[in-house]
Amino acid sequence: MPGRPRSVLLRLEVRPAGRRCTCAHNTAHVMLKGDLRFVVRDRGPAAGEKGYCAACASEMLVKAKAELDALEAALQPFH
Ligand SMILES: [Zn+2]
């Protein structure tokens with residue numbers, strides 16, 4: 001039964017840090033309790049998760065959008 005298209009993205013969310021922690025991309029980036037964190041869940045049953053600071057998250061999302069746009073364009077070569 002066709003439903004909504006499935007999401008191909010990893011589980012992504014933004015939520016406040018529960019404690020002081022460092023960015024998974026650059027450990028020099030420190031987030032304090034309450035700072036917003038971009039959380040990426042790993043795939044699989046024993047999935048952990050990684051948290052990124054807002055600056056790194058922003059770069060990652062820009063890159064992800066470009067990658068999605070490139071895939072979409074590749075599917076429509078004559079447009
Ligand atoms: Zn960072």
Problem - Selection count, the stretch 26-43, where residues are within 21 Å of residue 64 (Cα to Cα) and surrounded by fewer than 10 Cβ atoms within 10 Å (Cβ to Cβ) - result: 1
Exercise for the section: Take the stretch 26-41 and flag every residue that is over 16 Å from residue 61 (Cα atoms) and of a type in the set (A, V, I, L, M). Expected result: 28, 30, 31, 32
Exercise for the section: Filter the stretch 28-59 for residues that are modelled with pLDDT of 95 or more and more than 15 Å from the ligand (Cβ to nearest atom) and give the result. Expected result: 33, 34
Handout entry: Single residue of the stretch 8-25 satisfying the filter (within 13 Å of the chain's Cα centre (by Cα) and loosely packed, with under 10 Cβ neighbours inside 10 Å) that is farthest from residue 61 (Cα to Cα)
Key = 8
Handout entry: Test for residue 62: is it within 15 Å of the ligand (Cβ to nearest atom), aliphatic (A, V, I, L, M), at pLDDT 95 or above and surrounded by fewer than 12 Cβ atoms within 10 Å (Cβ to Cβ)
Key = yes
Exercise for the section: Might you check whether a residue that is more than 24 Å from residue 18 (Cβ to Cβ) and small (Gly, Ala, Ser) occurs anywhere in the stretch 50-69? Expected result: yes
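The values are calculated or read from the model by the stated rules, or taken from the named source; none is laboratory data. In this text, all values refer to a predicted model and were calculated from it rather than measured experimentally. Counting neighbours? That spans all protein chains shown, and the Cβs are built from the backbone with ideal geometry, glycine included.
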